[in-house]
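Novice: Encoded as structure tokens, here's the structure I'll be asking about.
Nothing in this text is a laboratory measurement; each read-out follows from the coordinates by a stated rule. Everything numeric here is computed off the predicted structure, so don't read it as measured data. Counting neighbours? That spans all protein chains shown, and the Cβs are built from the backbone with ideal geometry, glycine included.
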Amino acid sequence: MMSKDINERSPWQDITEGNQIYEAATSRAFCTGEWRTSTPVYGEEKCRQCLLCVPVCPDSSIPVREGKRLDFDYDHCKGCGICAKVCPFGAIEMKEGK
């Protein structure tokens, strides 16, 4: 007799739906930055701390401390490039790869 795959042992009715959040703040437990194909590179010397990039980040991957932005949270940044598009000083450059 062949061994069953783990998915075959669970009836489909018992499997939870994908893309569902069942608890608050569970996204901190997942390093979604692994999905990234392009990586934003922060040029601190060009940055004027306008913070225009912070509110447009869909993953909240641009930390701010004491009114100044810090380097990216690469564990959660998916590399969409929106931050680079809104930066008027060219302080964020998108690079291919992780």
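Novice: Local charge sum around residue 49 (other residues, Cβ-Cβ under 15 Å, Lys/Arg +1, Asp/Glu -1)?
Specialist: +1
Novice: Cα-Cα over 18 Å: which of 46/78; 68/95; 78/98? Mind showing how you got there, number by number?
Specialist: On the way: 46/78 23 Å; 68/95 23 Å; 78/98 10 Å.
In this structure, 46/78; 68/95 lie more than 18 Å apart at Cα.
Novice: Then there is this: Kindly give Rg over Rh for the stretch 27-98, based on alpha-carbon atoms, with the Kirkwood expression for the hydrodynamic radius.
Specialist: Reported Rg/Rh (Cα atoms, Kirkwood Rh): 0.94.
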